[in-house]
Amino acid sequence: MAIGDQRAGGGKVTLSKATPSINLTRPGELQGVMRVELTWVARAKSLFRRSTPVELELGCLYELADGRTGALRTATDAGALEFEPHILLDRDGARPGSAGLNMDLARPEAFRRVLIFALGAQAPNWAAAKGTLTLAPTIGPSVEVSLDEPVADTKSCAIALLQNAGAGVTVYRENQYLPGAMDDIVAAYRWGMDLDSARA
């Protein structure tokens, strides 16, 4: 089934190297608040060791239509849904192995791009965590991005990039693992903001 057909009929689309992007919105659609959720195995098991907890933090960088940029993290600035940037992170870590945010797609013209990422306090075992990011717009299919092809000894993963080029919002699979935290993400994507303001 073609991506366009899946989008019209709901269901689920999994982004991959072969299918790295999909339109989340189209001009004229009446979208609402999209739910974004990262899930992972909270306790990673190995063959010879006890299970160890895997702690991840979900966050995002945003660039508004007027060029202003910012970073959202639960511990610093969780954002706002009714006001700019129209993105709100969950404030209380709901359950082990889960973190989420809400994003208002009713006003896609309000932003240019949003980068969704995951951070680990230390270099997490990405392979054992088996993370999955799910984006659930109010119209169209849910979109999944698996945190596959992990890189050892990395502290962050840029998972998905949402871009608004004027003809709707498109989501791209990124899965870029970086050795550092916020500073590396900001630099890698040339976000145009003070690194000190986003440093972990």
Heavy-atom SASA rank of ARG95, ARG113, ARG26, ARG190 (probe 1.4 Å, accessible area, largest first)
ARG190, ARG95, ARG26, ARG113
Could you work out [θ]222 nm for the chain from helices alone, using -39500 (n - 2.57) per DSSP H run of at least four and dividing by all its residues? Round to the nearest 500 deg cm²/dmol.
-2500 deg cm²/dmol
Comparing GLY28, GLY180, GLY59 in a Gaussian network model of the chain (Cα, 10 Å), the one with the largest mean-square fluctuation is GLY28
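Rank these by accessible area, largest first, 1.4 Å probe: ASP148, ASP90, ASP153.
Values: ASP148 65, ASP90 40, ASP153 130 Å².
Listed by decreasing accessible area, they come as ASP153, ASP148, ASP90.
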Leaving out ligands and nucleic acids, note down the accessible area per residue over the chain with a 1.4 angstrom probe, in whole Å².
50
In whole percent, what relative contact order does the chain give with Cα contacts below 8 Å and a gap of six or more residues?
27
Please state the relative contact order of the stretch 151-196 as a whole percent: Cα pairs under 8 Å, 6+ residues apart?
36
Using a 1.4 angstrom probe on heavy atoms only, work out the carbon and sulfur share of the accessible area of the stretch 19-142 in %.
51
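The values are calculated or read from the model by the stated rules, or taken from the named source; none is laboratory data. What you see is a predicted model, and the numbers here were worked out from it, not measured in a lab. With ligands, DNA and RNA removed, areas are computed over all heavy atoms of the protein, side chains included. Shrake-Rupley method; radii C 1.70, N 1.55, O 1.52, S 1.80 Å.
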